[in-house]
1. Give the residue that is modelled with the lowest pLDDT, with candidates limited to residues of the stretch 76-93 that are part of a helix (DSSP H, G or I) and surrounded by 14 or more Cβ atoms within 10 Å (Cβ to Cβ).
2. Go through (1) of a type in the set (A, V, I, L, M); (2) over 22 Å from ASP204 (Cβ atoms); (3) in the same structural domain as THR46 (by TED's automatic domain parsing); (4) in contact with a Leu (Cβ under 6 Å, 6 or more places away or on another chain) and name the single condition VAL115 misses.
3. Report the residue count in the stretch 146-166 for those that are more than 24 Å from GLY44 (Cα to Cα) and in a helix (DSSP H, G or I).
4. Among (1) modelled with pLDDT of 95 or more; (2) closer than 19 Å to GLY186 by Cα; (3) more than 16 Å from ligand 1 (Cβ to nearest atom); (4) hydrophobic (A, V, I, L, M, F, W, C), which single condition is ILE116 missing?
5. If you scan the stretch 1-59, which residues turn out to be within 10 Å of ligand 1 (Cβ to nearest atom), of a type in the set (S, T, N, Q) and assigned to a loop (DSSP other than H, G, I, E, B)?
6. Name the one entry in LEU96, LEU38, LEU55, LEU49 that is surrounded by fewer than 17 Cβ atoms within 10 Å (Cβ to Cβ) and within 16 Å of ligand 2 (Cβ to nearest atom).
7. Taking ASP66 and the conditions (1) out of contact with any strand residue (DSSP E or B) (no Cβ under 7 Å at 6 or more places or on another chain); (2) in the same structural domain as HIS20 (by TED's automatic domain parsing); (3) farther than 30 Å from ALA19 by Cβ, which numbered condition does it fall short on, given that it satisfies the others?
8. Name every residue in the stretch 94-111 that is charged (D, E, K, R) and in a helix (DSSP H, G or I), in order of residue number.
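The values are calculated or read from the model by the stated rules, or taken from the named source; none is laboratory data. Being a predicted model, the structure only gives us computed values, none of them experimental. Positions of Cβ are backbone-derived with ideal geometry, glycine not excepted, and every protein chain shown enters the neighbour counts.
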Amino acid sequence: MSEFSSLTVSGLNCYYGKAHILKDISLTVSRSEVLCILGRNGAGKTTTLKAIMGLVRPRSGVISLDGVDLTRVPAHKLFSYGLSYVPQGRRLFPDLTVEENLRISPLVRRGNQEVIREVWEIFPVLKERMRQKAGTLSGGEQQMLAIARALCMKPKFLLMDEPTEGLMPLLVSRVLESIGSLKARGLGILLVEQRIDAAFKVADRVLIMENGRIAHETTPQQLYANAEVLLKYLGIKR
Ligand SMILES: Nc1ncnc2c1ncn2[C@@H]1O[C@H](COP(=O)(O)OP(=O)(O)OP(=O)(O)O)[C@@H](O)[C@H]1O
Ligand SMILES: [Mg+2]
């Protein structure tokens with residue numbers, strides 16, 4: 001079921017109460033690709049990921065994998081289609097150990113050792129800290145655990161909401177490296193970021209959101225060279 005090659009969102013509109021938050025969002029992420037969504041606070045980035053993950057119900061629009069409609073598939077079933085999500089702010093269980101946080105994945109609970117071996121390979125530091133409570137990990141380690149937990153669902157498409165938030169530069173690089181290696185393993189990654197340098201380092205394509213719309217679509221190379229767009233949509237002077 002999970003050998004789909006692309007995740008597509010078309011014409012997505014979402015509301016919180018009467019507020020029209022997402023306006024006609026369309027995008028496609030392919031396997032072995034990193035699509036990065038940039039945009040100011042409140043632009044609608046998190047809401048876009050939540051809508052794809054079935055956590056916010058769209059008023060209209062379609063979410064699909066190679067034409068298979070997922071729009072009404074409940075959130076807890078999406079992992080069986082190969083979708084996994086690293087929410088903004090990590091959302092770990094602080095009083096559970098590293099290992100127990102990973103055991104929340106049904107695949108790991110069912111004794112799939114390969115999944116957990118892969119995670120230890122990508123994040124050796126987590127293996128060393130297997131029995132430590134998640135709440136006592138450093139910020140960077142917690143972020144790795146949040147990513148690791150999503151990987152325990154063996155996703156083909158991974159949605160990540162600001163995975164580098166609050167991390168020191170060295171750990172930002174570690175997280176970005178791990179995104180690169182997941183892409184090399186064939187995952188399609190939809191990465192929401194505030195950090196433009198992250199987009200420059202790992203993205204294949206970039207979407208810029210403004211006020212609930214996709215205002216601009218570009219490549220990291222073009223964006224780097226486009227002072228006007230950087231200033232207009234991201235408030236960055238260079
Ligand atoms: N549960 C909610 N109820 C009402 N409004 C909400 C809710 N969640 C988000 N919003 C509003 O929707 C808009 C988009 O929010 P969203 O979290 O998607 O932005 P974002 O681009 O992820 O911002 P940030 O960069 O700050 O994380 C904001 O104006 C926000 O206040
Ligand atoms: Mg957000």
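1. Only one residue fits best here, namely PHE79.
2. Exception for VAL115: condition (3).
3. 3
4. Exception for ILE116: condition (1).
5. Hit for the stretch 1-59 is ASN41, nothing else.
6. Only one candidate passes the filter, namely LEU55.
7. The failed condition is (1).
8. Passing the criteria: GLU99, GLU100, ARG109.
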